[in-house]
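Chemist: Handing you a structure now.
The values are calculated or read from the model by the stated rules, or taken from the named source; none is laboratory data. Keep in mind that this is a model prediction, so the values were computed, not measured. All Cβ positions, even for glycine, are placed from backbone atoms using ideal geometry, and neighbour counts span all protein chains on display.
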Ligand code: DOR
């Protein structure tokens, strides 16, 4: 049936325009984009979706999600993560390989694709491991993994310690047209650390992880991108010096892109003062100065993408002593609100923010989406940018509830998510 998305304010990240328009969807595609008041519904069966007062944006694309299937289904499944994604306004997510077994083979990649089809909610793109077992010893079969559906390569959760292996990974990845995503961490510097090394860690007596642990590896990846010509994408950027290194690499014309996650521009290391294990993430929440630099990096385009690093963990891993807790927080259902706060603060314009949540990740991964155009796939999200709410555990659709934002007042949330012309999720309250 034809769908008429009526009277919405369309945010187009390609033209960076915000305009009130009607969108007509036939089957899985957008057939027309029209000024309001032209289309009439007497031409057959039409389902009207009232978008008055709402923003219509390209469905968000998260290039950094942890779905815990196979292996840790008690934390998240491909189906539960897909539902959380849809509720957060995401129409596509790329999932990291640190499952059990890790996604280092054709069979695991195919399993993910099949489970995602079964869930039938959002598009799920597997990111396969760079090394077998994520052990950093032998490369996986990139060609096989790509054929099975992988869109990128990463050992995320762990760095690739061996620079020679990373060099070869980048050479082969370039040949196969796969994006390499790097988790930058010097394990010798981070060993034993559980939070950012700085005045807060000293005050509360927890062992720290210095910013240099990330920066050394960011610099190595930049060197390897120069050496191999292979594009490299830096995951979860958290420090001022990482931002500066990436800025310089871009100025030199190197094929380097970067993402940060909403918690790195919303929270700083002081969030750990009450020993809240939900504020334990890797890399850790950094200093106020780092947070400001991350915002500046987003503003000037050094940081291309906002990705969630959605990392579900159960009370088994979180309701323990701080140093024993697993790092990670969920993020699919709060990413838009936290990004909108940056728009309100004047760091990004609305189209810039939407672009970092949709168009740019689609380009980096080489997948469809990120635009609103006639003939394009109808992967769209309606958001209410005025909706104020207090986040409660009850409404979180992810299987895990590990977020420090519970009880906080947030603003702006998805109200309807459409994938390929099909409404896969709609807010009922
Ligand atoms: O905080 C994190 N959690 N950082 C990572 O790199 C991995 C992730 C996870 O898988 O839980």
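Chemist: Restricted to region 371-386, and to residues that are closer than 22 Å to residue 61 by Cβ and surrounded by fewer than 20 Cβ atoms within 10 Å (Cβ to Cβ), which residue is nearest to the chain's Cα centre (by Cα)?
Modeler: In this case the residue turns out to be 371.
Chemist: Can you find a residue that is within 15 Å of the ligand (Cβ to nearest atom) and touching a helix residue (DSSP H, G or I) at 6+ places or on another chain (Cβ under 8 Å) anywhere in region 312-319?
Modeler: Among the residues of region 312-319, at least one is within 15 Å of the ligand (Cβ to nearest atom) and touching a helix residue (DSSP H, G or I) at 6+ places or on another chain (Cβ under 8 Å), which makes the answer yes.
Chemist: I need a count of the residues in region 194-219 that are assigned to a loop (DSSP other than H, G, I, E, B) and closer than 25 Å to residue 130 by Cα.
Modeler: Adding up the residues that qualify gives 1.
Chemist: Then there is this: Which condition number does residue 208 fail, the rest of (1) more than 15 Å from the ligand (Cβ to nearest atom); (2) touching a residue at least 12 places away in the same chain (Cβ under 8 Å); (3) out of contact with any strand residue (DSSP E or B) (no Cβ under 8 Å at 6 or more places or on another chain) being met?
Modeler: Here residue 208 clears every test but (3).
Chemist: Would you check if residue 95 is in contact with a strand residue (DSSP E or B) (Cβ under 9 Å, 6 or more places away or on another chain), without any contact (Cβ under 8 Å) to a residue 40 or more places away in the chain and surrounded by 24 or more Cβ atoms within 10 Å (Cβ to Cβ)?
Modeler: yes
Chemist: Quick check on region 301-311: of everything there that is over 11 Å from the mean Cα position of the chain (by Cα) and surrounded by 18 or more Cβ atoms within 10 Å (Cβ to Cβ), which residue is nearest to the ligand (Cβ to nearest atom)?
Modeler: Of everything passing the filter in region 301-311, 303 is nearest to the ligand (Cβ to nearest atom).
Chemist: Does region 40-53 contain any residue that is crowded, with 19+ Cβ neighbours inside 10 Å, out of contact with any helix residue (DSSP H, G or I) (no Cβ under 9 Å at 6 or more places or on another chain), in contact (Cβ under 8 Å) with a residue 40 or more places away in the chain and closer than 15 Å to residue 371 by Cβ?
Modeler: no
Chemist: Which of the numbered conditions does residue 235 fail, given that it passes all the others? Conditions: (1) within 23 Å of residue 65 (Cα to Cα); (2) in contact with a strand residue (DSSP E or B) (Cβ under 6 Å, 6 or more places away or on another chain); (3) away from the ligand (no atom under 15 Å from the Cβ).
Modeler: For residue 235, the exception is condition (3).
Chemist: What are the residues in region 320-332 that are assigned to a loop (DSSP other than H, G, I, E, B) and either under 11 Å from the mean Cα position of the chain (by Cα) or within 11 Å of the ligand (Cβ to nearest atom) (or both), if any?
Modeler: The answer is 325, 326, 327, 328, 330, 331, 332.
Chemist: Further, regarding this structure: Against the condition crowded, with 21+ Cβ neighbours inside 10 Å and closer than 25 Å to residue 425 by Cα, how does residue 341 come out, does it pass?
Modeler: no
Chemist: Criterion first (more than 14 Å from the ligand (Cβ to nearest atom) and in a loop (DSSP other than H, G, I, E, B)) does residue 53 satisfy it?
Modeler: Answer is yes for this residue.
Chemist: A further question follows. Does region 350-363 contain at least one residue that is within 15 Å of the ligand (Cβ to nearest atom), modelled with pLDDT of 95 or more and either in a loop (DSSP other than H, G, I, E, B) or within 20 Å of residue 96 (Cα to Cα) (or both)?
Modeler: Scanning region 350-363 turns up no residue that is within 15 Å of the ligand (Cβ to nearest atom), modelled with pLDDT of 95 or more and either in a loop (DSSP other than H, G, I, E, B) or within 20 Å of residue 96 (Cα to Cα) (or both).
Chemist: Same structure, new question: Restricting to region 244-286, and then to whatever is more than 16 Å from the ligand (Cβ to nearest atom) and under 18 Å from the mean Cα position of the chain (by Cα), can you tell me which residue is nearest to residue 403 (Cα to Cα)?
Modeler: Only one residue tops the list, namely 257.
Chemist: Moving to a separate point now. Looking at this structure, is residue 345 more than 19 Å from the chain's Cα centre (by Cα), within 14 Å of residue 272 (Cα to Cα) and modelled with pLDDT of 95 or more?
Modeler: So residue 345 fails the test.
Chemist: Among (1) part of a loop (DSSP other than H, G, I, E, B); (2) on the phi > 0 side of the Ramachandran plot; (3) buried (at least 19 other Cβ atoms within 10 Å of the Cβ), where does residue 407 come up short?
Modeler: Only one criterion is unmet by residue 407, namely (3).
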